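Working notes, structure below.
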Amino acid sequence: MATSVNPVDHGWHGQRNQVCTVAIAARHPLVRAGAVWAAAAENGFRVVESVESVDALAAAEPIDLVVVEVDPQGPPPCTATITELARSSKVLLLASASDPATRALVADGGAHLVVEHDAEVTDLIAAMRGLAAEAVAGRTQPHRPAPLSRREIETMRHIGNGLTYRQVARRMGLSEATVGTYARRIREKLNAATKIEMVMNAMEFGYVVRPGTHRHGAVLASARND
């Protein structure tokens, strides 16, 4: 997961007849129109939906990139909604990177990139190109799970080190119920039915360093005890 307020152009210009589908969710009409214009003006982008909020998105086709405005004067998008979007699309936030609500959407929601509200349109276009290149490249690569948020990665690493949910909660200063929620999200993203499978899949995708035989046994023992 990448977060940046100074995005760089990764070279996406609709090469090889690839098309990136885009949805815009912005409460302010001018912001929405500007984002639509920026996407429509770029070769290789196709805007499939433009709505006032992420909750109103209802595209009938897969969306590669979702641009979401986080209005400082209104309620932020629901973290669970952003998490769901990030499982199948790249999520770009038009927001203030210093806003706690924005940081939560990145850390816990899995949003991929942040562009400041007052950034130049060229910065927005560069960010969209970068995420479009990743989204389209991902279509031809082996399936990888939806990215874990920063807190989910931290939780997963503690679990991978053999800690129980209660121990993880104490280590992170959270409630045991919150750790359980993070673990449930991780299992969903890693397509794991059990905690043991979650640990194994986390190792496979690099979220947990594959340990030696002794530590591995400790991890699996902890997984069975929770």
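The values are calculated or read from the model by the stated rules, or taken from the named source; none is laboratory data. Because the structure is a prediction, the values reported are computed rather than measured. So basically every Cβ, Gly included, is an ideal-geometry build from the backbone, and we count neighbours across all protein chains shown. Side chains included, ligands, DNA and RNA excluded: accessible areas come from the protein's heavy atoms. Shrake-Rupley method; radii C 1.70, N 1.55, O 1.52, S 1.80 Å.
Details
- If you check Leu148, Leu113 for being in contact with a helix residue (DSSP H, G or I) (Cβ under 8 Å, 6 or more places away or on another chain), hydrophobic (A, V, I, L, M, F, W, C) and over 26 Å from Ala39 (Cα atoms), only one passes: Leu148.
- Of all residues in the stretch 50-68, those satisfying the criterion of being touching a Ser or Thr at 6+ places or on another chain (Cβ under 9 Å) and either touching a residue at least 60 places away in the same chain (Cβ under 8 Å) or among the charged types (D, E, K, R) (or both) are Asp55, Glu61, Asp64, Leu65.
- Residue match in the stretch 71-91 (condition: among the acidic types (Asp, Glu), open to solvent by less than 30 Å² (accessible area, probe 1.4 Å) and on the phi < 0 side of the Ramachandran plot): yes
- Pairs meeting the criteria (first residue in the stretch 112-123 and at pLDDT 85 or above, second residue among the acidic types (Asp, Glu) and surrounded by 18 or more Cβ atoms within 10 Å (Cβ to Cβ), beta carbons under 6 Å, at least 6 apart or on different chains) are Val115/Asp123.
- Ser4 being modelled with pLDDT under 85, out of contact with any Pro (no Cβ under 9 Å at 6 or more places or on another chain) and not aromatic (Phe, Trp, Tyr): yes
- The single residue among Arg129, Arg151 that is crowded, with 16+ Cβ neighbours inside 10 Å, at pLDDT 85 or above, charged (D, E, K, R) and closer than 23 Å to Arg46 by Cα turns out to be Arg129.
- Residue that is farthest from Val91 (Cα to Cα), among those in the stretch 142-186 that are in contact (Cβ under 8 Å) with a residue 40 or more places away in the chain and polar (S, T, N, Q): Thr164
- Scan of the stretch 92-109 for residues that are open to solvent by less than 20 Å² (accessible area, probe 1.4 Å), without any contact (Cβ under 8 Å) to a residue 60 or more places away in the chain and touching a strand residue (DSSP E or B) at 6+ places or on another chain (Cβ under 9 Å), ordered by number: Leu92, Leu93, Ala95, Thr102, Leu105, Gly109
- Of the criteria (1) under 18 Å from the mean Cα position of the chain (by Cα); (2) surrounded by fewer than 23 Cβ atoms within 10 Å (Cβ to Cβ); (3) more than 20 Å from Lys189 (Cβ to Cβ), which one Pro62 fails: (3)
- Only one entry of Val179, Val114, Val136, Val168 meets the criterion of being open to solvent by less than 70 Å² (accessible area, probe 1.4 Å) and part of a strand (DSSP E or B), and that entry is Val114.
- Residues within the stretch 62-76 that are in contact with a strand residue (DSSP E or B) (Cβ under 6 Å, 6 or more places away or on another chain) and part of a loop (DSSP other than H, G, I, E, B), tallied: 3
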